[in-house]
Amino acid sequence: MKKDICNRVEQLRRWLREHDLMAYIVPSSDPHGSEYTPEHWQCRQWISGFDGSAGTVVITCLDNEQGQPLCALWTDSRYFLAAEQALESTPYTLMRQGVEGTPTIAEWLCQVLPSGSRVGVDGNTMMMSEEDSYTSAFKKHEIQLDTDHSAPDALWIDRPALPLAPLKVQPMEWAGESACSKIERVLCEAEQQGADCVLVSQLDEIAWLLNLRGSDVKCNPVFVAYCLVSREATTLFCDRRKLTPEVQAYLNDNKIKTEDYESIGKALSQQRGTILFSPQTNITLGSICTDPLRGRNICSPTPISSMKSRKNESEVRGMRRAMLQDGVALVKWWRWLEQAVPEGGETEISIDKKLTELRDESADFEGLSFDTIAAYKEHGAIVHYEATPETDRPLKNEGLLLVDTGAQYICGTTDITRTILLGREATEEERRVYTLVLKGHIALSRLKFPRNASGTQLDLAARQFMWTEGYNYGHGTGHGVGSHLCVHEGPHQIRMNYVAAPISEGMTVTDEPGLYLAGRFGVRIENVLLCVPHKQTEFGAFVGFEPLTLCPIDLRPVDWEMITPCELQWINDYHAHVQEQLMPLLTDEADREWLRRATAAVEGGKQIDND
């Protein structure tokens, strides 16, 4: 594999010289700005071997001081350890994005390339929001960004075709609002901004707007398409071979037209009136929208982004149903795990497989919402570790096991992390770190705040105890979760760096602080929360959070001297709720007894029998 990567880099460098380019940028994205992409657009993985969800590769025609190709990959702290392993014995240098002293891609290119160079990128896979940062930096050094060439199109010989899986209609029971109603709301908001037409290019926005789901992207129930919405017509641009008779009839009933996926550019060129399009539109389509000959257009997030983030009653009911089914599977799995590990023979991969099998017992289960992270001991310090046959580690009855997992149910999407003590005793360091993470998790879950506060304002709640002790983590604290859609959903987030999007009633968001000690272990505890009303005062409306996730939290690694009475009350209340919700759904008395013990109330640092 490493040899293949080296050969591909050399082929691409020859291709650069043939096209008078000094460097080439390969983002992670597809033409829709997706976090996770169909295999057809996994170009960064093809050219580098690194398969994380975030990262950008740059290949130059230059050599470094050792005479090796000058190439680099930028990724964030979630993937530092994984990227190091993936890039070993390849020409790439790892650039630790967000670490002080690490240049941006544009800064680095300006440092290493001579003035007058041309840098290539496929305009279909770079978003307009990224283009400005490159062009403004390049202008000072007389470097040109060329978006008209696609190296993967020319060089990727066995490139996978675009998927053709059929579309499905999302049942109204869980959608809660018709496509016609959503389209009307979008048009009304767009017209208030002065737009006549909306280009919808992000896949989850299209799926939500039209109440359709697909399977073109692993773990994400979306499909490759564009959509144009105007008073004259709503048109879906997709491969029409994916439309079953049922879906075609549904589209006809909702007066939604269809055109070929590739015809979106021509349709945009012919569109009359002012187009509203997202900054997450790719450069190729964005250049059509911003063509001066077309007149005024509006580059702004579509109304769909904020509409989708606030779940209606049916979507909330569906999320609750999904959490119940997920909770039942997790209880069965955890009880099995406690028996299986001491007997031997279980590994990171085998326990992941077992959990998927238990989830599959639910009629609503449609697959995982992301690849499970089952990380034992030092693997837990790799934030987005994914076990492979080469790294798969046997589990012993000792140490910490971090499991971050989620599922897609037709009624909703789940995302949960639990850190589990295997064996009876945790080390002093493990107990301290685990308890700091738990305290941060509880603080955010208990938080009350003014409606429409941003996630950046809330982030301190989860980090305050860690910061006092000199600990921190590099990833965000929380992200939105879709309603049988993408497990990572915006626009709101809870994180250190500034995100302006407000948080208000009906939004789902994860609560997932963590700490990672390289070479030793990692701890993360995660629930999905629902933002709910708290109280109205003379200072305005206040909101808070309700945990939707239903699964015990392991209390064996807790240092109870660090837990306050308020935190203890939260733990007992949460576990009482989990028991109340899940107990009626468990038919095996052994599962019921395990849940009863796992959620027993705590007094004086010891769990007591709820009975």
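The values are calculated or read from the model by the stated rules, or taken from the named source; none is laboratory data. Because the structure is predicted, anything quoted here is derived from the model rather than measured. As a convention, Cβ positions derive from the backbone with ideal geometry for all residues, glycine included, and neighbour counts pool all protein chains shown. With ligands, DNA and RNA removed, areas are computed over all heavy atoms of the protein, side chains included. Shrake-Rupley method; radii C 1.70, N 1.55, O 1.52, S 1.80 Å.
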Exercise for review: Note down all Cβ pairs under 7 Å where the first residue falls in region 126-152 and is of a type in the set (Lys, Arg), the second is open to solvent by less than 30 Å² (accessible area, probe 1.4 Å), and they're at least six residues apart or on different chains.
Suggested key: none
Exercise for review: Being farther than 25 Å from Phe277 by Cβ and surrounded by fewer than 19 Cβ atoms within 10 Å (Cβ to Cβ) is the filter here, so list the residues in region 111-147 that pass it.
Suggested key: Gln111, Val112, Pro114, Ser115, Gly116, Arg118, Lys140, His141, Glu142
Practice item. Go through region 47-86 residue by residue and tally those that are out of contact with any Leu (no Cβ under 9 Å at 6 or more places or on another chain) and under 24 Å from Val112 (Cα atoms). Key: 7
Exercise for review: Please state which one of Thr456, Thr435, Thr419 is farther than 30 Å from Asn211 by Cα, modelled with pLDDT of 95 or more, assigned to a strand (DSSP E or B) and among the β-branched types (Val, Ile, Thr).
Suggested key: Thr419
Exercise for review: Among the candidates Gly480, Gly470, single out the residue that is modelled with pLDDT of 95 or more and open to solvent by less than 10 Å² (accessible area, probe 1.4 Å).
Suggested key: Gly480
Review point. If we keep just the residues of region 314-363 that are assigned to a helix (DSSP H, G or I) and of a type in the set (Val, Ile, Thr), which is surrounded by the most Cβ atoms within 10 Å (Cβ to Cβ)?
Key: Val331
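What's the total number of residues in region 556-610 that are open to solvent by 90 Å² or more (accessible area, probe 1.4 Å) and either in contact with a Leu (Cβ under 8 Å, 6 or more places away or on another chain) or modelled with pLDDT under 95 (or both)? Quick ask: steps written out before the conclusion?
The initial filter retains those residues of region 556-610 that are open to solvent by 90 Å² or more (accessible area, probe 1.4 Å), namely 556, 561, 565, 569, 580, 584, 587, 589, 597, 603, 606, 609.
Checking the rest, the ones that are also either in contact with a Leu (Cβ under 8 Å, 6 or more places away or on another chain) or modelled with pLDDT under 95 (or both) come to 556, 603, 606, 609.
Counting residues in region 556-610 that are open to solvent by 90 Å² or more (accessible area, probe 1.4 Å) and either in contact with a Leu (Cβ under 8 Å, 6 or more places away or on another chain) or modelled with pLDDT under 95 (or both) gives 4.
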Practice item. Name the residue, out of Gly367, Gly380, that is at positive phi and either crowded, with 17+ Cβ neighbours inside 10 Å or of a type outside the set (Val, Ile, Thr) (or both). Key: Gly367
Study note, to complete from the structure: Those residues of region 40-86 which are on the phi > 0 side of the Ramachandran plot and either buried (at least 19 other Cβ atoms within 10 Å of the Cβ) or in contact (Cβ under 8 Å) with a residue 24 or more places away in the chain (or both) amount to Gly49, Gly55
Point to revise | Of all residues in region 215-230 being of a type in the set (Gly, Ala, Ser) and closer than 17 Å to Glu35 by Cα, the one that is farthest from the chain's Cα centre (by Cα) | key: Ala225
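Listed here are the residues, each with its yes/no results for (1) more than 23 Å from the chain's Cα centre (by Cα); (2) farther than 23 Å from Leu515 by Cβ.
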position: Glu348; (1), (2): no, no
position: Phe365; (1), (2): no, yes
position: Ala381; (1), (2): no, no
position: Leu421; (1), (2): yes, no
Exercise for review: Report yes if some residue within region 535-554 is in a loop (DSSP other than H, G, I, E, B), loosely packed, with under 13 Cβ neighbours inside 10 Å, of a type in the set (Gly, Ala, Ser) and in contact (Cβ under 8 Å) with a residue 40 or more places away in the chain; otherwise report no.
Suggested key: no
